[in-house]
Amino acid sequence: MNLEFNEDQRLLFETVDAAVGRGYQAGGRAEATDSELGWNAEVWNTLAELGLMGLAVSGDHGGVGAGSVELYATLEALGKHAAAEPLLDGVVLPSWLIAALGTEEQAKKLLPALAEGSTTIAFAHAEPGRSWGAAPTVTAAAAADGSVALSGVKSPVRQADQAGSFLVTALDGNTTRVYLVAADAPGVQRTEGRGADWSHAAQLEFSGTPATLLGTAGTDTTDILGTVFARARVAVLGEAVGLMETGLGKTVEYLKNRKQFGVPLSTFQALVHRAADLYARVELARSMALWATATVEAYDNGAEVDLGTAADDAFVFVGEAATEAAEEIVQLHGGIGMTYEAEVAHHAARLIAITESFGGLTAARRRAVGAETALSAPSALLDNAV
């Protein structure tokens, strides 16, 4: 298995890196998350012009139909600059759900708008006091005229304040289904808030809110949702690697320039060893993230792989590395690393937020330990016995 970018993928990474870097200078994430939009409008438009909103959308619906490695390269470049643009949450994940569950008519209506970057769709699945994998408490009730109304609470919902519509998981009898709800639909009460990384998030309360079923009533969503969540857990690792690499780089630079007792901090052997250990941890995390990405690519090409287990293994490994990186880059910066004005504080906050995304690290670790392959190291070759 090749765990390096090819020439085109490297060019994609460098292009996104340069484009995002122009919009995210020093303090860029703080400025973006403090804005009404919640991200950098100029960077968003640039990503749209580059066609990156359509990475996960097929060419039939206005996208480019790129693979998992291209998505990884893009998200790593975004992570390198701690960019706040909701490419994964607001565009890619909804694209996957619509393509997998939606009718052809729904796909033709929704996917082109996502691919051109003219709208985002917020995915509302998490609920207060409920685990990610639990059945939703939001319910869908059918009216006499055949319409559907949702009732219940979803929180947190990332970037819900700017979304044109929501994809909401709800219980229809004993079956979990996904429903499309317009952001301005009657019966939606939105309470604004912030995530652990200062990004915009909200609580959505539905009170008899009209909704449209995504797909058809006979579709079993269980496996599809599981596959989409596994893809998302792998995809977000690219952002984590970019965040860790830049956080480490800024920390090494700080150790070289900051003086104590008249000498640079980099002359203290204990601090140098901590930075060296963190470097090794980041590179191992990169390898694991790329292995999981290649596994997704193999799955898409028809290989018989356990996508869910691979996603959990990688998410746990990289998530633990992200936690360690967040702690180290803050601690090695001393007191300034705890301040909102310090860039590394935003890198650390986003890394911790990633470990809580799509069900979180604890749940992924529990599934990984319970899997049949828990005692087997992941193979670098997909056709190996282990």
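Each reported figure results from applying straightforward, stated rules to the coordinates on display, with no laboratory input. What you see is a predicted model, and the numbers here were worked out from it, not measured in a lab. Note that each Cβ is placed from the backbone with ideal geometry, even for glycine, and that neighbours are counted across all protein chains shown.
Listed values, structure above:
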{"item": "The chain: angle of helix 269-300 to the longest principal axis, Cα-based, in degrees nearest 10", "result": "30"}
{"item": "Distance (nanometres) between label positions extended 7 Å along Cα→Cβ at Asn6 and Ala18", "result": "2.2"}
{"item": "Debye, to nearest 20: dipole size of the chain, +1 on Lys, Arg Cβ, -1 on Asp, Glu Cβ", "result": "920"}
{"item": "Net charge over other residues, Cβ less than 14 angstrom from the Cβ of Ala100 (K, R count +1; D, E count -1)", "result": "-2"}
{"item": "Distance between modelled label sites at Arg274 and Ala371, nm, 7 Å Cα→Cβ extension", "result": "3.3"}
{"item": "Highest to lowest packing among 186-192, 329-335, 85-91, scored as the average C-beta count within 10 Å", "result": "85-91, 329-335, 186-192"}
{"item": "Taking the stretch 208-334 and dividing mean pair separation by its residue count, relative contact order in percent (alpha carbons under 8 Å, at least six apart)", "result": "36"}
{"item": "Between 0 and 90°, nearest 10: helix 104-116 axis offset from the chain longest Cα axis", "result": "30"}
{"item": "Highest to lowest packing among 264-275, 22-33, scored as the average C-beta count within 10 Å", "result": "22-33, 264-275"}
{"item": "Cα centroid separation - the stretch 60-106 against the stretch 111-130, whole Å", "result": "11"}
{"item": "Given charges at beta-carbon only (K, R positive; D, E negative), |dipole| of the stretch 35-101 in Debye", "result": "120"}
{"item": "Pairwise label distance in nanometres, Met338 with Glu31, each label 7 Å out on the Cα-Cβ vector", "result": "2.8"}
{"item": "Estimated 222 nm signal from helices in the chain, with DSSP H stretches of n ≥ 4 weighted -39500 (n - 2.57), rounded to 500", "result": "-16000 deg cm²/dmol"}
{"item": "GNM result for the chain, Cα springs below 10 Å: residue of Val92, Val138, Val318 fluctuating most strongly", "result": "Val138"}
{"item": "On Cα atoms only, tilt of 307-331 relative to the major axis of the chain in degrees", "result": "40"}
{"item": "Charge dipole of the stretch 111-192 about the Cα centre (unit charges at C-beta), most positive-ward option of Ala182, Ser165, His125", "result": "His125"}
{"item": "Candidates Lys108, Lys154, Lys256: whichever shows maximal mean-square fluctuation once the chain is modelled as a Gaussian network with Cα springs under 10 Å", "result": "Lys256"}
{"item": "Rounded to whole Hz, the Karplus (6.51, -1.76, 1.60) HN-Hα couplings of the stretch 121-130, x for glycine and proline", "result": "10, 8, 8, 9, 10, 5, 9, x, x, 10"}
{"item": "With eigenvalues of the C-alpha gyration tensor scaled by 5 and rooted, the stretch 114-264, Å", "result": "40, 17, 14"}
{"item": "For the chain, with +1 on Lys and Arg beta carbons and -1 on Asp and Glu, the positive-most of Val57, Gly226, Tyr254 along the dipole", "result": "Tyr254"}
{"item": "Pairwise FRET efficiency - Asp60 versus Asp220, Cβ, R0 = 30 Å, nearest 0.05", "result": "0.80"}
{"item": "The chain, relative contact order [Cα under 8 Å, separation at least 6], %", "result": "16"}
{"item": "Rel. contact order, % - alpha carbon contacts under 8 angstrom, at least six apart, the stretch 7-116", "result": "34"}
